[in-house]
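The structure appears below as structure tokens.
Just so it is clear, none of the values below were taken in a lab; they were calculated from the coordinates. Predicted, not measured: the structure shown is a model, and the values here were computed from it. Cβ: placed from backbone, ideal geometry, glycine included. Neighbour counts: every protein chain shown.
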Amino acid sequence: MNKTYISDAGRFEGQDVTVNGWLYNKRSSGKLWFLLVRDGTGLIQAVVSKADVPEESFAACERATQESSLSVSGRIAPDKRAPGGYELQVKSVVLHQTALDYPITPKEHGTPFLMDNRHLWLRSSRQTAILRIRHEIIRAIRDFFDSNGFTLVDAPVFTPAACEGTTTLFETQYFDEKAFLTQSGQLYMEAAAMALGKVYCFGPTFRAEKSKTRRHLTEFWMVEPEVAYADLDDDMALAENFLSAVVGRVLETRKEELKTLERDTAPLEKITPPFPRISYDEAAKMLKEKGVAFEYGTDLGGTDETVISEAFEKPVMVHRYPAEVKAFYMKNDPSDPSKALCVDVLAPEGIGEVIGGGQREDDLETLLAKIKKHGLPEQAFDWYLDLRKYGSVPHSGFGLGIERTVGWICGLPHVRETIPFPRMLNRLKP
Ligand code: 4AD
Ligand code: MG
């Protein structure tokens, strides 16, 4: 008998097939069992009539519990009311393993309980919808860069020094020396951009974030493009085209999943270039006008970002933060050296920062002075300084956090559901 995935059932209308899956739910009415079976590609209702199946098949239906693994064989018949539009008129049922006391039941569970059972929680229709959208986002990201002349360059995970500040470094022993888990592949992308022009990396990055917030993970995935001969304006144009392409793709190909998540897609339909651009000074003024207690000269906090992003329908690009609060590698604005040529893209609906980036310092002496000022170990950056000695050019790039993007597009309040197995301050398991 032909095997089929539930999503392909329509191709076998009127034919006999086997579906391999797990029991999602069941109900009976006397001589009938209605099994709702899932296989990862969809749900199908399998109708088992006592008169039509061997005795052991009917007994298997009685024994089958939620999440028991089973194979159901029978004829695919159209049914307008059924999920997916087809039902299976069953001829035999084979129960592979009976799941006893599956911990996640249709009743409401608290988040800590669900997080402890993340390995099982992934099977729920909400979580599979999120995982599929995450996959689509990653595919759209790669497609965007691949079709725009970028070369994928993988960055190392073990690194000799900090890139994004020394307070969030994960230290590890590397034979006789200390190493750190990478906070960002950026510095390596700068080297690669001088070799290939337009590059990007995509991989896990690590931050020892000691605070519990809805937007911070200790391990998250970041995509980081870097472009030679690009300034801050080029960087912002790249960011808005890129983000619009990603959102557009999900809207186009993941309607079903967005529906499962009950995501209102109207705000996402508005994500098209150009995005509004405001300076840090304008952002500070906005916060003051809205009565937010914000100290000029400091970085924008989570709440500040929420307030600003709620004022726009599209992602807003906040540029030129005070150089003091930003990373050592940022180039200062020649027309106001107290500001950095940087940009944070704040997603709408109160989400806040999803992209951080900007133009890099390309002058050797200035960069060296900044490394010293930030108290960073000079010898760990000698290779990075070489890039300013041998054919230095203006260049820019940014990093987009995958989980915050997934959270925004899926309409999730917290990043913990945006990654299969989240790592947070108090969570290393499962
Ligand atoms: O703003 P960040 O720290 O920028 C960088 O790492 C640059 N080196 C990137 C570059 O220019 N190549 O991080 C970039 C993005 C943030 O906007 C956010 O989306 C995400 O990474 N991010 C986090 N996501 C989840 N948990 C965390 N702890 C995150 N920290 C940053
Ligand atoms: Mg940032």
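A compact table of results
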read-out: Gyration tensor (alpha-carbon) shape descriptor, region 66-138, a/c threshold 1.5; value: oblate
read-out: Highest-fluctuation residue, Glu136, Glu282, Glu310 considered, GNM on the chain with Cα pairs under 10 Å; value: Glu282
read-out: Paired Rg and Dmax values of region 118-417, which use every Cα atom, in angstrom; value: 19.0, 55
read-out: Neighbourhood charge, 11 Å Cβ-Cβ cut-off, centred on Lys429 and excluding it, Lys, Arg +1 and Asp, Glu -1; value: +2
read-out: Highest-MSF residue in the chain out of Glu324, Glu224, Glu417 [GNM, Cα springs under 10 Å]; value: Glu324
read-out: Rounded, prolate or oblate (a/c below 1.5 giving rounded, otherwise prolate when a/b exceeds b/c) for region 12-68 by Cα gyration tensor; value: oblate
read-out: For region 162-318: relative contact order, % (alpha-carbon pairs under 8 angstrom, 6 or more apart); value: 16 percent
read-out: Separation of the Asn2 and Ala237 label points, Cα + 7 Å toward Cβ, nm; value: 5.1 nm
read-out: Net charge, Ser244 excluded, C-beta distance under 14 Å - Lys, Arg +1, Asp, Glu -1; value: -2
read-out: Spacing of the two label points (7 Å from each Cα toward its C-beta) at Lys270 and Ala195, in nm; value: 4.3 nm
read-out: Arg27 versus Val393: modelled label distance in nm, points set 7 Å from Cα along the beta carbon direction; value: 6.6 nm
read-out: Ellipsoid equivalent to region 323-375 - semi-axes via the Cα gyration tensor, in Å; value: 25, 11, 9
read-out: About the Cα centre, charge dipole magnitude for region 68-205 (Lys/Arg +1, Asp/Glu -1 at Cβ), debye; value: 920 debye
read-out: Helix-only [θ]222 nm of the chain, DSSP H runs n ≥ 4, -39500 (n - 2.57) each, per residue, nearest 500; value: -9000 deg cm²/dmol
read-out: Nearest-0.05 FRET efficiency for Thr65 and Glu108, computed from C-beta distance (R0 25 Å); value: 0.80
read-out: Stokes-Einstein D in µm²/s, Kirkwood radius over Cα pairs - region 2-97 at 10 °C with 1.306 mPa s viscosity; value: 125 µm²/s
read-out: Sum of side-chain charges, Lys91 neighbourhood, beta-carbon under 10 Å (Lys, Arg +1; Asp, Glu -1); value: -1
read-out: FRET efficiency, 1/(1 + (r/R0)^6) with R0 30 Å, evaluated for Glu262 and Ser147 via beta carbons; value: 0.40
read-out: Model label zone, Asp101; criterion: amide N under 20 Å from point 7 Å along Cα-to-beta-carbon; scope region 53-71; value: 63-69
read-out: Separation between Cα centres of region 232-307 and region 55-92, rounded to whole Å; value: 46 Å
read-out: Kyte-Doolittle mean at least 0.0, axial Cα span of 27 Å or more - DSSP H helices of the chain; value: 232-253
read-out: Region 118-417: relative contact order as a whole-number percent, Cα under 8 Å and 6+ apart; value: 20 percent
read-out: Centroid-to-centroid separation of region 101-117 and region 138-192 [C-alpha atoms, Å]; value: 35 Å
read-out: Extended-chain gain in nm, criterion 0.36 nm per residue less alpha-carbon gap, His135 and Glu324; value: 64.3 nm
